[in-house]
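One structure is given here, and the rest of the page talks about it.
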Amino acid sequence: MGYIIAIHNQKGGTGKSTTATSLAVLLGLLQRDVVLIDSDAQGNATDAMGFRSRRVNGGRGYAEFLQNKRNGRTIVQRKVQRSGMVGSIGVLSASKEKLLSLEAQLQHPMLSMNTNAVADKLTELADQKDYVIIDTAPGVTHLSVAALKAADVVIAPVVPTAWAFEGVQEVHNTLMAVRDSEVPVWPVMVMASRNKASRKTYSSLKEKYDGDVFDQIIRRSGSVEGYESKGKTLLQVRSTSTAAQDYVAFAQEFLSRMEEEEA
């Protein structure tokens, strides 16, 4: 049985897609069986993994995976493979039109497709993988709620601003509203600089959330911005950049934390 990791912050521009794609790629390189899900209609993770045409023109992806009623280990594996593979990583990509249509269906109380049904599908997928990494949309969408309902761990990327605390608190509040059981929320500070604002934000996060906050900080690296438009991940564009190396250390810390959760 694997783990579902939701990358979530209700605020936009916090590095969710970069964190999701970087973690998925690094776990794949470490021989973990990984599926990356893009549940955000903006499709940044989809673009970074090289599936921009599917975001724009449609095609097999996350929406089709959820709407297919056939189950079973072989069928689920085949659905992931047909959706797309990047090396050993399965990718359930985002089609803007199809995800927005699915969101509309999830709002209808009379349909069988609801957030609980989506969460069940995610759990079924995780039963066959080591990790299911979900890049969620900003705000509170039905697909994001489903991801939070299914998640074993929530990673909350935050940027060093006055709104960092508000973002993490919103994640906690949403979790309390949509599920009964507790789930770890691990903030990670991204796009940090060597300035007073970054140091103050990190210090305040550690003071409030203590051991939940990742020790590893992802530092800003302007030379790699806009990598998604190239159809490549941050690690492919500049593997030696500061941010890429920070994500390597972040992935190692993540695995150490997961080992502690299992113990």
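Summary of computed values
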| read-out | value |
| --- | --- |
| Residue match in the stretch 213-220 (condition: of a type outside the set (S, T, Y), surrounded by fewer than 17 Cβ atoms within 10 Å (Cβ to Cβ) and in contact (Cβ under 8 Å) with a residue 40 or more places away in the chain) | no |
| Some residue of the stretch 199-208 being farther than 17 Å from I7 by Cα, touching a residue at least 24 places away in the same chain (Cβ under 8 Å) and β-branched (V, I, T) | yes |
| Some residue of the stretch 242-263 being farther than 18 Å from V25 by Cα, part of a loop (DSSP other than H, G, I, E, B) and not aromatic (F, W, Y) | yes |
| The stretch 128-171: number of residues that are surrounded by fewer than 16 Cβ atoms within 10 Å (Cβ to Cβ) and under 25 Å from K206 (Cβ atoms) | 4 |
| Search result, residues across the stretch 24-38 that are surrounded by fewer than 24 Cβ atoms within 10 Å (Cβ to Cβ) and either within 9 Å of the chain's Cα centre (by Cα) or on the phi > 0 side of the Ramachandran plot (or both) | Q31 |
| Selection count where residues are part of a loop (DSSP other than H, G, I, E, B) and either under 12 Å from T233 (Cβ atoms) or of a type outside the set (S, T, Y) (or both), scope the stretch 10-59 | 18 |
| Residue count for the stretch 221-241, restricted to those that are part of a loop (DSSP other than H, G, I, E, B), surrounded by 15 or more Cβ atoms within 10 Å (Cβ to Cβ) and either charged (D, E, K, R) or modelled with pLDDT under 85 (or both) | 4 |
| Residue list for the stretch 93-138, filter: in a loop (DSSP other than H, G, I, E, B) and in contact (Cβ under 8 Å) with a residue 40 or more places away in the chain | S93, A94, S95, M113, D127, Q128, K129, D130, T136, A137, P138 |
| In the stretch 58-68, residue surrounded by the most Cβ atoms within 10 Å (Cβ to Cβ) [restricted to those that are over 18 Å from the mean Cα position of the chain (by Cα) and in contact (Cβ under 8 Å) with a residue 24 or more places away in the chain] | R60 |
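The values are calculated or read from the model by the stated rules, or taken from the named source; none is laboratory data. The shown structure was predicted, so the numbers you read here are calculated from the model rather than taken from an experiment. Counting neighbours? That spans all protein chains shown, and the Cβs are built from the backbone with ideal geometry, glycine included.
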